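Asker: Can you read through this structure? Questions will come right after.
Each reported figure results from applying straightforward, stated rules to the coordinates on display, with no laboratory input. From a predicted model like this one, the values you see are computed outputs, not experimental measurements. Note that each Cβ is placed from the backbone with ideal geometry, even for glycine, and that neighbours are counted across all protein chains shown.
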Amino acid sequence: MKILRTIKAEDMEDIATGGAILGTGGGGDPYIGKLMAQEAIRKHGPVNLIDIDELADDALVVPVAMMGAPTVMTEKLPQGDELINAFRALEQLLGRKIDAVLCGEAGGVNSTTPFVVAAMTGLPLVDGDGMGRAYPELQMVTFTMHGVSATPMVLCDDKGNSLVLNTVSNAWTERLARAATVEMGGSALLAFYSMTGAVAKKAIVRGTLTLCAQLGETLRQAKASHVDPVNAVVDKLGARVIFHGRVKDIDRRTVGGFARGSARFDGVEEWKGHTFKLDFQNEFLMAERDGEILVTTPDLITVLEAESGRPVTADALRYGLRLIALALPSNPQWQNPAGIALVGPRYFGYDVDYRNYFEA
Amino acid sequence: MIRIGIDVGGTNTDAVVMDGTQVIAGVKAATTPDVMTGVVNALRDVLAASGMDAGKVDVVMIGTTHFTNAVVQRRDLAQTAAVRLGLPATASLPPMVDWPEDLKRAIGGHTYLAHGGNEFDGRVISPLDEAELLGIAADIAAKRINTVAISSVFSPVSSDFEKQAGEIFARALPGAHITLSHEIGRIGLLERENAAIMNACLRDLSAHVIEAFRKAIAETGIGGKFFLTQNDGTLMDAAFAEKFPVLTFASGPTNSMRGAAFLSGVKDAIVVDIGGTTSDVGSLQKGFPRQATVAVEVGGVRTNFRMPDVFSIGLGGGSHVVETAQGITVGPTSVGYRIITEALIFGGKTLTTSDVVVAAGRYDLGDRSRVGHITPDFIARTQTRIMQMLEDCVERSRLSPEPLPVIVVGGGSILVDGPIGGLEVVKPNHFAVANAVGAAIAQVSGEIDRVYALAEISRDAALADAKERATEAAVAAGARRDSIEIVDVEDVPLAYLPGNATRVRVKAVGELHVA
């Protein structure tokens, strides 16, 4: 099997940084995930990243992830065995050996959680994911559009509880798993969406873990060579700057297993006199400028520190911070009626049709 | 009002006397290993230089980098126990998991995980286990550890477990210092816990240092109150500072930037504070230091304090100057406070940046005849190297192409001559003691921490009420009303209380009202 790259503990820095950019404000604290992956790699050895085409069509591939409210994850850290327990329990349930680990969500904490399981099991990790970014709900994956069932799924908490779900649809998986996650204290770890190599070759967004690593590297190099880091990210992703401002108010609460709320900004410099608002449900879902809707899902909205270009999560938004907001084009897999129905603005309750910001 | 501002740095202890907004006198004295002697010397010198009677001094404000330096240099730190309440959760990443190894070793790396902790909505993760905590206390006692940091999951939402565990440890370990994480930090377990552990390992040192300040002030006959400055440039009283030394972190750069703004009258600028060993570079926006956005590291440890965005380079008045095959190198090594014995101009054997400046005839210091052998070519190349270093860091601090002035302060300012990277250089009066001036003009704050029932009052109305109360608290603490700014607003929903209860914390700061 050809190995794309071998990921050592120190390589997780770049991946976590890139994961935070694709995390669009949510996806959980990548810092926590980075530390967990580094601990696992130091203890069990490095992770081999492979291209999906390296896997046989009948290979068994399983993604792992953390679900819940990012605020909870920064405070109540995992016990440590939840991920591997969920993975092993699902393997037993499926009755056959799993051949490779997959990333469910290449944004936020879940850009790093698969590395924990890959390091602990010694299995290869596939370079790709089910979103090309982060989304708040677990049916919001390209796998759903390819008819892959989220269940059987195993959900584990820090206390040692585990739950097996068998559901009629991925939307029901989200509802039931979310209710369980809230009872478990707002965060849980899971293994789900088992699929064959043949399905995975069609259903995943390819190359996203490498993209995370490259984004992290781009920022690091920009800093080292005194190049404007925000511009470097803009160039790398074909992004556009949509605002530069100071946080005026953050309304954030943990509701129904999510961090929900909004952040309001007052413009500075070229945006002086303008206002900006971000709505979030874990991830930034919608950006409004001067009261007009500007960007919605599935386009990505991400927020960077102006000087360093470091990504700032919705959870880290604080009164008075000066930040730059970017819009990034989404993966083409989302740009069709099925994709928009799954993750577009109307799903999140906004009475507005999706308009691709980059075609407007 | 007569104020004295003191800055206790690693090399120098500076002091200024201010009458209202006038700087009457400023002096520099050497920092001494016992701290106290240096402060007494600086106070006596500055009272003499200003002709001020000690009895007339209303208030003394002290800024110190002593605690930051202790962590950065891993010295004078106490063996510390870090106890986290949250099992079975959180075991994947134990306390100090992300600390540099040498710092962890310096404080012993004693970490304990125990049951306790809350969920986001106040539910209990697991009940507190007194027998378990007493077992940990016995182990701590056996190791002769005298300072304990306690962190509990979601303690900003519910602080009961930290308080209860604190009482258990206080009973089991008489005389031990107990630091509770909810008193220092906000949501974010690792960052809050890191701050609590750093605070705990500084408690022995803070008892010693604050006592030294107290004695030094008493010995010079000053009867006024004394305060320390915090990382955000506001004041705390001595008893509070002794309990929370970690809150002094980064007060040095804050003081030097605010001092630079005050002395120069320039509100938007880049500030370069050149000391004996390092230069700190930051930027002023509307007279305030620009704050760092995300997590700030102190001595390699991640925290979430409000701090100015400053970076340092190894360039100061005591930096070594060495000719190598690649040309001249300046710093990062330095003779530091030993400059008065080791630099050539003071009869020593080490070539420093100050020697070169004196050789160039740009400043009169020490014995110029001792540096007569330095060639004009060597002087020119050293100066070029120094200016390159300064240009690089000023360029990094610039956010826009607008030509901002550069305010140069600190004892090492003698290294700078002429514009930096084409930007105008401002060297205000009393530039050498800008830190002490910054301490003297430190702001006062008002904080409010209240629970509102959002079922009864709208969120906007609750925030407005909290801001109003914080403003009034700042005014009551002596702030001038027209100078007050809200610097921090945080609301934490308390889902376990009825009526959509939310804890709101607001901090307002303003300039001290000076008669």
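Asker: Kindly state, as a whole number, the per residue volume in cubic angstrom of the convex hull around the alpha carbon atoms of segment B:218-331. Mind dumping the intermediate values first?
Answerer: Numbers: hull volume 19.0 nm³, N = 114.
It comes to 167 Å³ per residue, whole-number rounded.
Asker: So, one more: List, largest first, the extents of the alpha carbons of segment B:312-434 along their principal axes, each in whole Å.
Answerer: 44, 37, 24
Asker: In whole Å, what are the extents of segment B:311-361 along the principal axes defined by its C-alpha atoms, from largest to smallest?
Answerer: Rounded to whole Å, the extents work out to 28, 26, 19 Å.
Asker: Looking at this model, which pairs from A:Lys34/A:Lys76; A:Lys277/B:Lys286; A:Lys272/B:Lys507; A:Lys248/B:Lys267; A:Lys34/A:Lys277 are more than 27 angstrom apart at the alpha-carbon? Please report the intermediate quantities before stating the final value.
Answerer: Working: A:Lys34/A:Lys76 15 Å; A:Lys277/B:Lys286 25 Å; A:Lys272/B:Lys507 25 Å; A:Lys248/B:Lys267 22 Å; A:Lys34/A:Lys277 29 Å.
Flagged as over cut-off: A:Lys34/A:Lys277.
Asker: Compute and list, largest first, the equivalent-ellipsoid semi-axes of segment B:1-93 from the alpha carbon gyration tensor, each √(5λ) rounded to a whole angstrom. Please report the intermediate quantities before stating the final value.
Answerer: Details: eigenvalues 305, 51, 20 Å².
Equivalent ellipsoid semi-axes, largest first: 39, 16, 10 Å.
Asker: Follow-up. With viscosity set to 1.306 mPa s and temperature to 10 °C, compute the Stokes-Einstein D of chain A, Rh being the Kirkwood radius across alpha carbon pairs; µm²/s, no decimals. Can you show the working numbers first?
Answerer: On the way: Rh = 20.1 Å.
Rounded to a whole number, D works out at 79 µm²/s.
Asker: What fraction, in whole percent, of alpha-carbon pairs in segment B:444-510 exceed 15 Å separation? Don't skip to the answer; put the middle values down first.
Answerer: Details: 1050 of 2211 pairs.
That tail contains 47 percent of the Cα-Cα pairs.
Asker: Per the helix-only calculation at 222 nm, which mean residue ellipticity applies to chain B, given -39500 (n - 2.57) for every DSSP H run of n ≥ 4 and division by its residues, nearest 500 deg cm²/dmol?
Answerer: Numbers: 14 runs with 162 residues, N = 515.
About -9500 deg cm²/dmol.
Asker: Given 4 °C and 1.567 mPa s, how large is the Stokes-Einstein diffusion coefficient of segment B:410-480 in µm²/s, with Rh as the Kirkwood radius over Cα pairs? Intermediate values should be presented prior to the final figure.
Answerer: Values: Rh = 16.2 Å.
Estimated via Stokes-Einstein, D reaches 80 µm²/s.
Asker: Where Lys and Arg each count +1 and Asp and Glu each count -1, what net charge lies around B:Val17 among other residues with Cβ under 10 Å from its Cβ? Walk me through the numbers before you get to the answer.
Answerer: Values: positive: B:Arg3, B:Lys56; negative: B:Asp19.
With Lys, Arg at +1 and Asp, Glu at -1, the neighbours total +1.
Asker: Within 10 Å, Cβ to Cβ, of A:Met120, how many net charges do the neighbouring residues add up to if Lys/Arg are +1 and Asp/Glu are -1? Please report the intermediate quantities before stating the final value.
Answerer: Numbers: positive: A:Lys43, A:Arg88; negative: A:Asp81.
Within the 10 Å Cβ shell, the charges total +1.
Asker: So what's the projected area for segment B:362-465, the Cα convex hull averaged over all directions, in nm²?
Answerer: Working: hull surface 47.1 nm².
The number I arrive at for segment B:362-465 is 11.8 nm².
Asker: Taking neighbour Cβ counts within 10 Å as the exposure measure, how do B:Ile420, B:Ile379, B:Ile4 sort from fewest upward? Walk me through the numbers before you get to the answer.
Answerer: On the way: B:Ile420 23, B:Ile379 18, B:Ile4 30.
The fewest-first ordering by Cβ neighbours comes to B:Ile379, B:Ile420, B:Ile4.
Asker: Give the lysines whose C-alpha is closer than 20 Å to that of B:Lys225, dropping any in the same chain fewer than 8 places away, or say none.
Answerer: The qualifying lysines are B:Lys56, B:Lys215, B:Lys243.
Asker: Still on this structure, please answer the following. Just the C-alpha atoms of segment A:5-208: what Rg/Rh do they give, with Rh taken as the Kirkwood radius? Walk me through the numbers on the way to the answer.
Answerer: On the way: Rg = 14.9 Å, Rh = 16.2 Å.
Dividing the radius of gyration by the Kirkwood radius yields 0.92.
Asker: Under 14 Å Cα-Cα from B:Lys467, which aspartates and glutamates qualify once same-chain neighbours fewer than 8 residues away are excluded?
Answerer: Candidates past the 8-residue exclusion: A:Asp249, B:Glu447, B:Asp449, B:Glu485, B:Asp488, B:Glu490, B:Asp491.
Asker: Residues of B:85-91, mean number of Cβ from any other protein chain within 10 Å of their own Cβ, rounded to a whole number? Intermediate results must be reported in sequence, preceding the final value.
Answerer: On the way: counts 0, 5, 3, 8, 12, 7, 6.
Rounded to a whole number, the mean comes out at 6.
Asker: Among B:Lys143, B:Lys286, what is the fewest-to-most ranking by other Cβ atoms within 10 Å? Each step should come with its number before you reach the end.
Answerer: Numbers: B:Lys143 12, B:Lys286 9.
The fewest-first ordering by Cβ neighbours comes to B:Lys286, B:Lys143.
Asker: I need B:Arg144, B:Arg385, A:Arg264 ordered by Cβ neighbour count within 10 Å, fewest first. Show your work: numbers first, answer last.
Answerer: Numbers: B:Arg144 7, B:Arg385 19, A:Arg264 16.
Neighbour counts put them in this order, fewest first: B:Arg144, A:Arg264, B:Arg385.
Asker: Also, quick follow-up: When averaged across all projection directions, what area in nm² does the alpha-carbon convex hull of segment B:109-227 cover? Before the final figure, lay out the partial values.
Answerer: Values: hull surface 34.8 nm².
That works out to 8.7 nm², a quarter of the Cα hull's surface.
Asker: While we're here: For peptide A:30-38, compute the average count of partner chain beta-carbon atoms within 10 Å of each residue's beta-carbon.
Answerer: Working: counts 0, 7, 6, 0, 1, 5, 3, 0, 3.
Rounded to a whole number, the mean comes out at 3.
Asker: Could I ask something else about it? Apply the Karplus curve 6.51 cos²θ - 1.76 cosθ + 1.60, θ = phi - 60°, to the phi angles in segment A:351-360 and return the couplings in whole Hz, x for Gly and Pro.
Answerer: These are the phi-based 3J(HN,Hα) values: 7, 8, 7, 5, 10, 4, 4, 8, 10, 6 Hz.
Asker: While we're on this one: Taking every residue in A:316-322, how many Cβ atoms of other protein chains lie within 10 Å of its Cβ, on average? Provide the component values of the computation, followed by the final result.
Answerer: Details: counts 5, 1, 9, 9, 8, 4, 5.
Per residue, the number of nearby Cβ atoms from other chains is 6 on average.
Asker: Once the convex hull of the C-alpha atoms of segment A:159-303 is built, how many Å³ does it hold per residue, rounded to a whole number? Please list the in-between numbers first.
Answerer: Values: hull volume 26.5 nm³, N = 145.
Per-residue hull volume (Cα only) is 182 Å³.
Asker: OK, next. Based only on the alpha carbon positions, what is the Kirkwood hydrodynamic radius of chain B, in angstrom? Before the final figure, lay out each step's value.
Answerer: Values: mean 1/r = 0.0410 Å⁻¹.
Its Kirkwood hydrodynamic radius stands at 24.4 Å.
Asker: A further question follows. Percent of Cα-Cα pairs per 10 Å bin, from 0 to the last occupied bin, for segment A:109-172, please list those.
Answerer: In order of increasing distance, the bins hold 17, 42, 39, 2 percent.
Asker: Any idea what % of Cα-Cα pairs in the protein assembly as shown are farther than 54 Å?
Answerer: For the protein assembly as shown, the fraction of Cα-Cα distances above 54 Å is 16 percent.
Asker: Starting from the Kirkwood radius over alpha-carbon pairs of segment A:224-343, derive D by Stokes-Einstein at 10 °C in a medium of 1.306 mPa s and give it in µm² s⁻¹. Don't skip to the answer; put the middle values down first.
Answerer: On the way: Rh = 14.9 Å.
Rounded, D is 106 µm²/s.
Asker: For A:Met286, what residues show an amide H to amide H distance below 5 Å, using hydrogens built from the backbone and excluding near sequence neighbours?
Answerer: For A:Met286, whose amide H was placed from the backbone, the distant partners under 5 Å are A:Asp279.
Asker: Lysines within cross-link reach of A:Lys236: Cα-Cα under 17 Å, excluding same-chain residues under 8 positions apart?
Answerer: Qualifying lysines at Cα under 17 Å: A:Lys223.
Asker: Helix-derived [θ] at 222 nm for chain A: sum -39500 (n - 2.57) over DSSP H runs of at least 4, divide by residue count, nearest 500? Show your work: numbers first, answer last.
Answerer: Details: 11 runs with 112 residues, N = 360.
My calculation for chain A gives -9000 deg cm²/dmol from helical runs alone.
Asker: For segment A:5-208, calculate the relative contact order in percent as a whole number, restricting contacts to Cα pairs under 8 Å that are 6 or more residues apart.
Answerer: Numbers: 482 pairs, mean separation 61.2, N = 204.
Relative contact order comes out at 30 percent.
Asker: Please list, in order, the residues from segment A:291-329 whose amide nitrogen is less than 18 Å from a point placed 7 Å along the Cα→Cβ vector of A:Gln214.
Answerer: Within reach of a label on A:Gln214, which here means backbone N under 18 Å from a point 7 Å along Cα→Cβ, segment A:291-329 contributes A:300, A:328-329.
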